[in-house]
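Novice: Provided herewith is a single structure, encoded as structure tokens, for subsequent inquiry.
The values are calculated or read from the model by the stated rules, or taken from the named source; none is laboratory data. Everything numeric in this text was worked out from a predicted model, so none of it was measured. All Cβ positions, even for glycine, are placed from backbone atoms using ideal geometry, and neighbour counts span all protein chains on display. Note: accessible area is taken over every heavy atom of the protein model, side chains too, but ligands, DNA and RNA are not part of it. Shrake-Rupley method; radii C 1.70, N 1.55, O 1.52, S 1.80 Å.
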Amino acid sequence: MATQTSDLLAAAAPRTVAVVRAVADEQLHLPTPCSDYTVRDLLNHLYQVVVNFQELAAKRNVQWADKPDHLSEGWRDRFEVETRRLVDAWSDPASLAGVSPGMGMPQTVVGGMVLLDLTVHGWDLAAATGQSYRPAPEVVPALHELVEQLAPQARQMGVFAEPVPTDAGLPDLDRLLGLTGRDPAWTASA
């Protein structure tokens, strides 16, 4: 039985997997909209997110301090496999029950956080490598609500930058990016 979180992850995941698959080895050194990350750094972070949030779905503690390089032979295939495992992990209704022991937040929020990472970092990687990115339409409205809920604390912790003003007439994704402190018009040459 799927959960709403797993349905949204299942819609978002293939779009991010497609972006990751299209990253060329010669692009790994490029900057990203996440000023502290190159493409390689962001790919490693996203891989760690996908693996750790499988554990968080099972309410197990995870280690964020380790920063291994996951980009060895076959990394694109491994990312896809781990992303499928992520969707499966959050399809168990028990994954959304209660509070995360490691993060101290409702499991529903934790599931939303990984959806946000897949979506926003999918855009980050696409922008950094010159790819187009269109999120699953059903995902972005759910993320707007989550970002508004998490933004004050996320900004205090340095996870989000200050919001970038966006016009109300812009697409939902652009407004979501602005809320997370990203400039939706960012390019590698900017």
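Novice: Please tell me if residue 32 is of a type outside the set (A, V, I, L, M, F, W, C), surrounded by 15 or more Cβ atoms within 10 Å (Cβ to Cβ) and touching a residue at least 24 places away in the same chain (Cβ under 8 Å). Even if it seems obvious, please write down each step before you answer.
Specialist: Values: of a type outside the set (A, V, I, L, M, F, W, C): yes; surrounded by 15 or more Cβ atoms within 10 Å (Cβ to Cβ): yes; touching a residue at least 24 places away in the same chain (Cβ under 8 Å): yes.
Here the answer is yes, as residue 32 does meet what is asked.
Novice: Additional query: Given the conditions (1) within 15 Å of residue 114 (Cα to Cα); (2) open to solvent by 80 Å² or more (accessible area, probe 1.4 Å), which single one is not true for residue 144?
Specialist: Looking at each condition in turn, residue 144 falls short on (2).
Novice: Limited to the stretch 150-181, what total is found for residues that are open to solvent by 30 Å² or more (accessible area, probe 1.4 Å), assigned to a loop (DSSP other than H, G, I, E, B) and out of contact with any Gly (no Cβ under 7 Å at 6 or more places or on another chain)?
Specialist: 8
Novice: Next question, about the same structure. Considering only the stretch 115-130, I want to know if a residue exists there that is farther than 25 Å from residue 188 by Cα and of a type outside the set (Ser, Thr, Tyr).
Specialist: Kept after step one, since they are farther than 25 Å from residue 188 by Cα, are these residues of the stretch 115-130: none.
No, every residue in the stretch 115-130 fails to be farther than 25 Å from residue 188 by Cα and of a type outside the set (Ser, Thr, Tyr).
Novice: Just one of the numbered conditions (1) more than 17 Å from residue 177 (Cβ to Cβ); (2) assigned to a helix (DSSP H, G or I); (3) in contact (Cβ under 8 Å) with a residue 60 or more places away in the chain is not true of residue 56; which one?
Specialist: Every listed condition holds for residue 56 apart from (3).
Novice: Being over 26 Å from residue 80 (Cβ atoms) and not basic (Lys, Arg): is that true of residue 95 here? Explain how you work it out, then say what you get.
Specialist: Numbers: over 26 Å from residue 80 (Cβ atoms): no; not basic (Lys, Arg): yes.
No, not satisfied.
Novice: Might you check whether a residue that is in contact (Cβ under 8 Å) with a residue 60 or more places away in the chain and closer than 20 Å to residue 113 by Cβ occurs anywhere in the stretch 151-167?
Specialist: Just the residues of the stretch 151-167 that are in contact (Cβ under 8 Å) with a residue 60 or more places away in the chain, to begin with: none.
No, there is no match, as no residue in the stretch 151-167 is in contact (Cβ under 8 Å) with a residue 60 or more places away in the chain and closer than 20 Å to residue 113 by Cβ.
Novice: Looking at the stretch 105-127, I want the residues that are open to solvent by 10 Å² or more (accessible area, probe 1.4 Å) and have a partner that is of a type in the set (D, E, K, R) with Cβ atoms under 8 Å, at least 6 apart or on another chain. Which pairs are those?
Specialist: Short answer, once both residue conditions are applied: 123/182.
Novice: Considering the stretch 66-103 alone, what residues qualify as being touching a Pro at 6+ places or on another chain (Cβ under 8 Å), open to solvent by 30 Å² or more (accessible area, probe 1.4 Å) and not β-branched (Val, Ile, Thr)?
Specialist: Of the stretch 66-103, the ones touching a Pro at 6+ places or on another chain (Cβ under 8 Å) are 98-100.
Then drop every residue that is not open to solvent by 30 Å² or more (accessible area, probe 1.4 Å), which leaves 98-99.
98, the sole residue that qualifies.
Novice: Related question: Looking only at the stretch 89-140, count every residue that is assigned to a loop (DSSP other than H, G, I, E, B) and under 20 Å from residue 47 (Cβ atoms) and tell me the total. It would help to see each step written out before you state the result.
Specialist: Pass one, the stretch 89-140, residues assigned to a loop (DSSP other than H, G, I, E, B): 90-92, 97-98, 100-105, 130-138.
With the extra rule that they be under 20 Å from residue 47 (Cβ atoms), the set shrinks to 90, 102-103, 131, 133, 135.
Matching residues across the stretch 89-140 total 6.
Novice: Could I ask something else about it? Being outside any helix (DSSP H, G or I) and either in contact with a Ser or Thr (Cβ under 8 Å, 6 or more places away or on another chain) or of a type in the set (Ser, Thr, Tyr) (or both) is the filter here; which residues of the stretch 59-87 pass it? Working first, answer last.
Specialist: Within the stretch 59-87, the first condition is being outside any helix (DSSP H, G or I), and the residues that meet it are 59-74.
The answer is 59, 72.
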